[in-house]
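Participant: Okay, here's the structure, questions in a sec.
All of the numbers you see were taken from the coordinates with simple rules; none came from a lab. Source: prediction; values computed, not measured. As a convention, Cβ positions derive from the backbone with ideal geometry for all residues, glycine included, and neighbour counts pool all protein chains shown.
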Amino acid sequence: MVVRIGVNIQTINEVDEMKREMHLNLFVRLAWMDYRLKYDSANESDFIVAGGDIAERIWKPDIYFPNERHGVKHELTVDNVNLRFYSDGQILLVVRYMLMLACDMSFELFPFDTQHCIVHFESVKYTQNFMELKWMYADDDTEPVFVKLSKFDLISSDLNDNCTRFYPIGTFNCLELTFFFKRQLGYHFAETYFPCIMIVCASWIGFWLEPKSAPARIALGIMSLLTIFGHGNHVKASLPPVSVLKAIDIYIMVCEFFVFATLIEFILSNYMSRKPHRHKLGKKVDRLGGTSGLHLI
């Protein structure tokens, strides 16, 4: 039996990288032939409309979502089911669901990453020898009507019908609908990159102070170091808890290294300024440090 599956995405409510899941509302359309339910009609396009109570009394394809974590069939204000019987024996079943689906995410390039989330369709009982799944194509089916995402932009979607799953009990045909999301960068520039740049630049003020101004330069260096470490910990606490090294982690570590390097430079210049014959060399080290900082800016 050939079962055609169509989807109409209503909303994508959230893509949660902390839980690695996607929340969406969609209509799922199932179409198949059951010649036992043929009836005579002058027009083959005629159909009879029924509801969910009739749908419970006929055979239906046992389609499920393998990567589903939680799902609800909408029943407000009535059961959101549309069942049609066509005169040639074709049956169309439309059901509205709210799904929370697991997403396989990769964070090596965070926050410059592009994530993909997949909606899987598969049969519970029937192997590919008994049931074949095909896409029911329609214009703008996979384009969500409403997308309200605070962290991502939906850039594209893709339908895949070349999907097969192998289990000990047999080989099952499946379908995949993949959404591609690109992360929005405005928040990370405002809350991470720009503050880190300001802290690093503030730590370079010590290059223009006298090497003998130890209290001022020590206080500036220690405060900058504690601030950059505290800000880095705050940023990491809001990131997904993964073991891989992310791009933003490397950036924060480089900023921490530059702030720490200002303390090392002060120790070197202060040590040289305490030697009469190295006093000018200590000031030269400060000038080199300040010049390097300006070039990095």
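Participant: Quick one: length gained pulling I264 to L149 fully straight, 0.36 nm per residue minus the C-alpha distance?
Facilitator: Difference between extended and current length: 36.9 nm.
Participant: Further question: What FRET efficiency do you get for A216 and M253 if R0 is 30 Å and r is their Cβ-Cβ distance, rounded to the nearest 0.05?
Facilitator: Numbers: r = 27 Å, r/R0 = 0.90.
Computed FRET efficiency for A216 and M253: 0.65.
Participant: Under a crude label model (7 Å from the Cα following the beta-carbon direction), how far is H234 from M33 in nanometres?
Facilitator: Placing both labels 7 Å along Cα→Cβ, they lie 6.6 nm apart.
Participant: Pulled fully out, how much extra length does the chain show between K134 and Q184, if you take 0.36 nm times their separation in residues and subtract their Cα-Cα distance?
Facilitator: Fully extending the segment from K134 to Q184 adds 14.6 nm.
Participant: Which of the following values of mean projected area of the Cα convex hull in nm² was calculated from the structure shown: (1) 17.5; (2) 21.9; (3) 14.4?
Facilitator: Given (1) 17.5; (2) 21.9; (3) 14.4, the structure-derived one carries the label (2).
Participant: Given a cut-off of under 8 Å on Cα pairs at least six residues apart, what relative contact order in percent is computed for the stretch 2-183?
Facilitator: Values: 408 pairs, mean separation 51.0, N = 182.
Worked out over the stretch 2-183, it gives 28 percent.
Participant: Return the long-range amide H neighbours of N13 (sequence gap of 5 or more, or a different chain), with a cut-off of under 5 Å between placed amide H atoms.
Facilitator: For N13, whose amide H was placed from the backbone, the distant partners under 5 Å are H23, L24, N25.
Participant: Can you tell me the relative contact order of the stretch 4-107? Whole percent, Cα pairs under 8 Å, sequence separation 6 or more.
Facilitator: Details: 198 pairs, mean separation 38.6, N = 104.
Rounded, it is 37 percent for the stretch 4-107.
Participant: Counting each DSSP H run of 4 or more residues in the chain as -39500 (n - 2.57), what helix-only mean residue ellipticity at 222 nm follows after dividing by all residues, to the nearest 500 deg cm²/dmol?
Facilitator: Helix-only estimate at 222 nm: -9500 deg cm²/dmol.
Participant: Please tell me the relative contact order of the stretch 123-271 in percent, rounded to the nearest whole number, where contacts are Cα pairs under 8 Å and at least six residues apart.
Facilitator: Computed over the stretch 123-271, the figure is 20 percent.
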